[in-house]
1. Do we find a residue being within 16 Å of the ligand (Cβ to nearest atom), among the β-branched types (Val, Ile, Thr) and modelled with pLDDT of 90 or more anywhere in segment 9-29?
2. Give the number of residues within segment 30-48 that are surrounded by 11 or more Cβ atoms within 10 Å (Cβ to Cβ) and either in contact (Cβ under 8 Å) with a residue 12 or more places away in the chain or more than 16 Å from the ligand (Cβ to nearest atom) (or both).
3. For segment 55-79, which positions are of a type in the set (Val, Ile, Thr) and surrounded by 10 or more Cβ atoms within 10 Å (Cβ to Cβ)?
4. Which residue out of 45, 69, 83 is modelled with pLDDT of 95 or more, in a helix (DSSP H, G or I) and within 27 Å of the chain's Cα centre (by Cα)?
5. Quick check: anything in segment 49-65 within 29 Å of residue 4 (Cβ to Cβ) and charged (D, E, K, R)?
6. I'd like the residue in segment 1-17 that is part of a loop (DSSP other than H, G, I, E, B) and touching an Asp or Glu at 6+ places or on another chain (Cβ under 9 Å) and, out of all such residues, is surrounded by the most Cβ atoms within 10 Å (Cβ to Cβ).
Amino acid sequence: MSTLRICAKCHTWNENQDHCTNCGHLLNPDLIRKIELEKKEELEAGRELDKVDLLLHKIKNSRYILVRAVFYFFYSIWFIFTAIVSFFIAIIAAGPG
Ligand SMILES: [Zn+2]
């Protein structure tokens, strides 16, 4: 099975190529996606977690089920709270003035 791909850069047709034969531009969509994913992961790994994130991560992955339960309890309260607040904001915004 042969695949024909057109280069996005120079519009040359390439048969069974991952890279453009004319300009070397990457053509394989799977490879493009993979490279983008790797870039993203690299970026996230390089980003330092702040203290709050670190603490939340610790609590979330705690070996004590009670700690995790408390975490999810407050997390759901926070989630409901923000949902209600955003609902009221939407109502206020929808009203005249
Ligand atoms: Zn090309």
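1. Of the residues in segment 9-29, the ones within 16 Å of the ligand (Cβ to nearest atom) are 9-29.
From what is left, the residues that are among the β-branched types (Val, Ile, Thr) are 12, 21.
Imposing the further condition that a residue be modelled with pLDDT of 90 or more reduces the set to 12, 21.
So far as segment 9-29 goes, yes, one or more of its residues are within 16 Å of the ligand (Cβ to nearest atom), among the β-branched types (Val, Ile, Thr) and modelled with pLDDT of 90 or more.
2. Residues of segment 30-48 that are surrounded by 11 or more Cβ atoms within 10 Å (Cβ to Cβ), as a first pass: 31-32, 34-35.
Filter once more, keeping what is either in contact (Cβ under 8 Å) with a residue 12 or more places away in the chain or more than 16 Å from the ligand (Cβ to nearest atom) (or both): 31, 34-35.
Adding up the residues that qualify gives 3.
3. 59, 67, 70, 77
4. Working: 45 fails: modelled with pLDDT of 95 or more; 69 fails: modelled with pLDDT of 95 or more.
Only one candidate passes the filter, namely 83.
5. Just the residues of segment 49-65 that are within 29 Å of residue 4 (Cβ to Cβ), to begin with: none.
No, that holds for no residue.
6. Filtering segment 1-17 for residues part of a loop (DSSP other than H, G, I, E, B) gives 1-3, 7-12, 16-17.
Subsequent filtering for residues that are touching an Asp or Glu at 6+ places or on another chain (Cβ under 9 Å) retains 2-3.
Values: 2: 5, 3: 10.
Taking the candidates together, the pick is 3.
The values are calculated or read from the model by the stated rules, or taken from the named source; none is laboratory data. A quick note: this is a predicted structure, and the numbers were derived from the prediction, not measured. FYI the Cβ positions are ideal-geometry reconstructions off the backbone, even for glycines, and counts take in every protein chain you see.
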